[in-house]
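> Pasting in a structure now, in structure tokens, and then I'll have a few things to ask.
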């Protein structure tokens, strides 16, 4: 059950649980997604993909008689490879040809593009395209990839080390003196992001505009445009990217795919519209890979459980290439910078390696590295708590940054803006009913019930901007976020933003922001987004940034628009500018008021009534916004999980789940609840179900959703959400980014709960997902160990 | 994920369907809930698809003196909803409602499930435990095979090249009989990692345990004993063995409850 909140504003502005405007079409199945687009003469693309993880291409034979419908790298000579460069020292860039040329580096890599009237016929062509390979030895595991003499994914690198990130610190003294020392080896599985809608693209060349028009399921149409123009050698003005309704992104749609470049090239080459609609097998086996971390951790603490230092060796399996724009540097560099989480301690050392393997590129997934590092440090803190004989939550209270220290610069120079972290833990402890759970556990001998409780605390940097990203040196650095606000002649409001809404409910929440400023009813506010021709440039939707950045930009644009309306209104009220104010959609003067609709009518249709000194910019304002500090907002949460473990079959059932979340001031708490619930469902997948295994030859072993296990309605419990609302001191309304947050906590909370349930057996699970097989194997091992 | 080209036939009689099968290279299409994905993944690429949907004789069911005969094209949903005769006192609908998801049950058929012989399919294990008989039609007429002997391995059955599973005959389960059926799966509706069915019918002197979701045909243990079960599971890896034993223990407990 979702907890209802009292909102300060009983209306439809900020704080209101306004039903989502976009749901009218989504819930009726009337959304318009890429695959719904029908164009005359549309050709379908299927790709011939590499069946091998590492091989040299000796030759490609196109199907006889259909050579003109099949294209290889030899045909795409004018296309540049995708290069996502990071400026971090030692980073090794990779050039990803959109179609493989000399060699293939992972199963599923594109080798030939096949076009036909239907997808089935295009797949027939792909099946009839014969690729001759010389097999090369495969590296499918990070540890093997680091051994001397390992096969090289990119020969020119000289090794497989993509990036080494080191947070320096000297822990030698602590290692000798710390009263408590706890070490753990932990691993998280490679996963596949699984939005309901996969990737898809429709490309066409429009002669009249002289433009390549690409409809793509994208979170960041402006970035795709830049990347496409670079690969195709086109002026950006020749490229228009439209992202229509999109069925979930989660990071997977924040990447320029080679498939998009190929489709764009084909549309221009053939002069016909073409489309590629990703199928589930392509998504699982070739594309949507994410999250594979290995940790060797040591915590040093005093006898109370106060953390003195943390030492970590981490490895991230980065796969074969760096994807555009984030590059494969994001995940490993994040590990080193965010592992300390919301905790305060004095000594830290972390070396994080990104290692290339013959697997698909690792992509940023909701929470990016956070789900992994939160799991790592929370499991470690539980181990500290056991070592000092305390409740895990007590150890967290001891180590969390206290509210009186806010704002706080942590050991990796992250600037925590605001919040009461310990209070979130106290509320979670009360809500989950810890005392009752401990009493139930004490009855285990009578009932046979094996339950466990786990807590996870984390904070999440969101909406971080220029000062954070320029240092990464990636092709995309967010600056001022812009929005346009335009009054229509009848007094409605059109907002234009460069971010994209694909589940976030921005058509509603940004209308609420505009209402808060201008007083125009949200129903009269329309949001234009997802089209590079119609919206201001933006890096798009990623990094939990829309509420803060687009919300701030819309507010700024609406304020500026209000100022212009005030000038016109003052004239119409025959008073001076200084004596009018904007309230509830009207310009109010000392002796009367005039509505925004009338002001719009005069500007557009009765300009004879305008003052001579009217702002010629009119009722159409584009303005940019940055928060007072661009180091990001830090939302935070404490998740509490109560599980029941069936030790006979290794099954884990979630009995109860509580999220205490602080996202600052909430624009629409109902949308925030939805974000948390959806994220938590994905986190449950990370904790218990989702895994993309590979064999030693780099073959992906889950090629359908029968093998890749996603949580469904029966696996997600009724999650209880408790909101705290500590405003960020730096943002427009005090809002914080929370879009990714829900996905971060569950792996840690659930793992800690399972370990709690098994602790009397001396069993701890150190690998995600916690499958029945892993639990049974650990129990077997413990039994064999003579316990 | 689109099928390779195939010819499509929709015969009007069982004899015609058998004749098409005899030409070779053909696959039968019943509910298509397993075959459809396999075609789309190009895991099977038959020259011809013989769609049984036009054969009303495979959709008919009837009560028999000692049980019921269910046409091969009876869907899981029909059984779940009580729209097919049930001589088992409620066992059939209970099993049916646990098969995959409703959308699959709407189209998936009891005959298609048996003929596909996925080791993790419910009916293969359940109908073997109930002592049902498969009724098979071919050019030479009809033959009857106990469901317990129908599957010869994973995805392999006794069906000949040009034979069609036409119906199953399910015997009446006596009022005093006890039944237990347990599936262990990652999620409700997913393929089971282990399953066991138990029928204990003192009247007919039956004490039968069937273990499904193995790597081959279901394991049938008549006159159940722990020792025999242990022997049947000896070749399994320790975790699979553990799951099978748990399924059997729980099915026995359900039957005893």
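> Arrange the following residues from fewest to most other Cβ atoms within 10 Å of their Cβ: A:722, A:228, B:21. Spell out each step's value before the answer.
Working: A:722 19, A:228 26, B:21 23.
Listing A:722, A:228, B:21 from fewest to most nearby Cβ atoms yields A:722, B:21, A:228.
> Hey, can you rank A:67-78, A:110-121 by average C-beta count inside 10 Å, highest first? Could the numbers behind the result be given before it?
Details: A:67-78: 15.2, A:110-121: 20.7.
Ranking, from highest mean packing down: A:110-121, A:67-78.
> Give me the distance in nm between label points sitting 7 Å out from Cα along the Cα-to-Cβ direction at residue B:253 and residue A:170, one decimal.
Here the answer is 5.9 nm between the modelled labels.
> Let me ask something additional. From a point 7 Å beyond the Cα of residue A:705 in the direction of its Cβ, which residues of the range A:714-752 have a backbone N at a distance under 15 Å?
Counting backbone N atoms under 15 Å from the label point, the list is A:714-716.
> Another one. Measure out, as a whole number of angstrom, how far apart the alpha-carbon centroids of the range A:454-509 and the range A:86-143 sit.
If you average the Cα positions of each part, the centres end up 34 Å apart.
> Report the Cα-based extents of chain A along its three principal axes, largest first, to the nearest Å.
94, 72, 47
> Further question: Of the listed peptides A:165-172, A:291-298, what is their order by residue-averaged count of other C-beta atoms within 10 Å, with the highest listed first? Don't skip to the end; give the middle numbers.
On the way: A:165-172: 14.1, A:291-298: 22.6.
Those peptides, ordered most packed to least, come out A:291-298, A:165-172.
> Put a dot 7 Å past each Cα toward the Cβ at residue A:117 and residue A:591; how far apart are the dots in nm?
Rounded to a tenth, the inter-label distance reads 7.6 nm.
> Hey, another quick one. Pull out the extension gain between residue B:22 and residue B:47, defined as 0.36 nm times the separation in residues minus the alpha carbon to alpha carbon distance; nm, one decimal. Working shown, then result.
Details: separation 25, 0.36 × 25 = 9.00 nm, distance 1.28 nm.
Using 0.36 nm per residue and subtracting the Cα-Cα distance, I get 7.7 nm.
> To continue, here is another question. Can you give the average number of partner chain beta-carbon atoms within 10 Å of each beta-carbon in peptide B:187-199, as a whole number? Don't skip to the answer; put the middle values down first.
On the way: counts 9, 4, 2, 5, 2, 0, 4, 2, 0, 0, 0, 0, 0.
Across B:187-199, the average partner-chain Cβ count within 10 Å equals 2.
> Counting only other chains, what is the mean number of Cβ atoms within 10 angstrom of the Cβ of each residue in peptide A:120-131? Intermediate values should be presented prior to the final figure.
On the way: counts 6, 2, 1, 6, 5, 0, 0, 3, 0, 0, 0, 0.
Partner Cβ neighbours, averaged per residue: 2.
> Å³ per residue of the Cα convex hull, for the range A:347-483?
Working: hull volume 29.9 nm³, N = 137.
Looking at the range A:347-483, the number lands at 218 Å³ per residue.
> How much mean residue ellipticity at 222 nm does chain A get from its helices, if each DSSP H run of length 4 or more adds -39500 (n - 2.57) and you divide by all residues, to the nearest 500 deg cm²/dmol?
Working: 19 runs with 203 residues, N = 787.
Only helices count here, giving -7500 deg cm²/dmol.
> Okay, next question. For an R0 of 41 angstrom, estimate the FRET efficiency from the Cβ-Cβ distance between residue A:156 and residue A:235 and round to the nearest 0.05.
Details: r = 31 Å, r/R0 = 0.76.
That gives a FRET efficiency of 0.85.
> If you take the Cα atoms of chain B, find Rg, then find the Kirkwood Rh from the mean of 1/r over all pairs, what is Rg/Rh? Can you show the working numbers first?
Values: Rg = 18.0 Å, Rh = 18.6 Å.
For chain B, the value is 0.97.
> In degrees from 0 to 90, rounded to the nearest 10, what is the angle of the helix B:238-256 Cα long axis to the longest principal axis of chain B?
Its long axis makes an angle of about 70 degrees.
> In the range B:182-210, whose amide N lies under 11 Å from the spot 7 Å out along Cα-to-Cβ of residue B:223? List them in ranges.
B:207
> OK, next. With r as the distance between the Cβ atoms of residue A:38 and residue A:75 and R0 = 45 Å, compute the FRET efficiency 1/(1 + (r/R0)^6) and round to 0.05.
On the way: r = 27 Å, r/R0 = 0.61.
After rounding, the FRET efficiency stands at 0.95.
> For residue A:405 and residue A:773 in the same chain, what is the full-extension length gain: residue separation times 0.36 nm, less their Cα-Cα distance, in nm?
Working: separation 368, 0.36 × 368 = 132.48 nm, distance 4.43 nm.
Full extension of this stretch gives 128.0 nm more.
> Compute the distance from the alpha-carbon center of the range A:232-297 to that of the range A:374-429, in whole Å.
Computed from Cα coordinates, the inter-centre distance equals 39 Å.
> Here's something else I'd like to know. Per residue, how much space in cubic angstrom lies within the convex hull of the C-alpha atoms of the range A:478-587? Let's see the in-between values first.
Details: hull volume 10.7 nm³, N = 110.
Convex hull of Cα atoms, per residue: 98 Å³.
> While we're here: Before anything else, pin down the relative contact order of chain B: Cα pairs under 8 Å, at least 6 apart, normalised by residue count, whole percent. Don't jump to the answer; show the numbers that get you there.
Values: 567 pairs, mean separation 41.7, N = 257.
For chain B, the relative contact order is 16 percent.
> Extension gain residue A:313-residue A:435, at 0.36 nm per residue separation less the Cα-Cα distance, in nm?
On the way: separation 122, 0.36 × 122 = 43.92 nm, distance 3.62 nm.
Once the chain is fully extended between residue A:313 and residue A:435, it gains 40.3 nm.
> Okay, moving on. So, in Å, what gap is there between the alpha-carbon centers of the range A:600-676 and the range A:24-60?
Cα centres, the range A:600-676 to the range A:24-60: 32 Å.
> Shifting gears a bit: Tell me the relative contact order for chain A as a rounded percent, counting alpha carbon contacts under 8 Å between residues six or more apart. List each step's numbers first, then the result.
On the way: 1984 pairs, mean separation 129.2, N = 787.
Relative contact order, chain A: 16 percent.
> OK, next. Find the Rg to Rh ratio for the range A:321-415, where Rh is the Kirkwood radius over alpha-carbon pairs and Rg uses the same atoms. Let's see the in-between values first.
Details: Rg = 15.8 Å, Rh = 15.1 Å.
So for the range A:321-415, dividing Rg by the Kirkwood Rh gives 1.04.
> While we're on this one: In which sequence would A:603, B:123 go, from the one with the fewest C-beta neighbours within 10 Å to the one with the most?
Values: A:603 21, B:123 29.
Ordered by Cβ neighbours within 10 Å, fewest first: A:603, B:123.
> Follow-up question, since we're still on this one. When a footprinting reagent is the concern and you count Cβ atoms within 10 Å, what order do B:2, A:736 take, fewest first?
Details: B:2 18, A:736 33.
Lowest to highest Cβ neighbour count: B:2, A:736.
> Rank by packing, highest mean first: peptides A:655-663, A:777-785, with packing defined as the count of other Cβ atoms within 10 Å averaged across residues.
Values: A:655-663: 24.9, A:777-785: 14.1.
The most tightly packed comes first, giving A:655-663, A:777-785.
> Please report, in whole Å³, the volume per residue of the convex hull around the C-alpha atoms of the range B:117-257.
Numbers: hull volume 16.3 nm³, N = 141.
About 115 Å³ per residue, rounded to a whole number.
> Work out how far the C-alpha atoms of the range A:1-111 reach from end to end along every principal axis, then list the three figures in whole Å, largest first.
Principal-axis extents of the Cα atoms in the range A:1-111, largest first: 68, 49, 30 Å.
> Would you please state the base-10 log of I(q)/I(0) at q = 0.10, 0.20, 0.22, 0.26 1/Å for the range B:155-237, with intensities from the Debye formula using one equal scatterer on every alpha carbon?
Debye output, listed in q order: -0.34, -1.11, -1.17, -1.23.
> Based on the Cβ-Cβ distance from residue B:237 to residue A:521, what FRET efficiency comes out when R0 is 60 Å, to the nearest 0.05? The partial results should precede the final answer.
Numbers: r = 64 Å, r/R0 = 1.07.
Once the sixth-power term is evaluated, E becomes 0.40.
Values in this text are rule-based calculations from the coordinates and carry no lab data. Because the structure is predicted, anything quoted here is derived from the model rather than measured. Quick reminder, even Gly has a Cβ in these numbers, built from the backbone with ideal geometry, and neighbours come from all protein chains shown.
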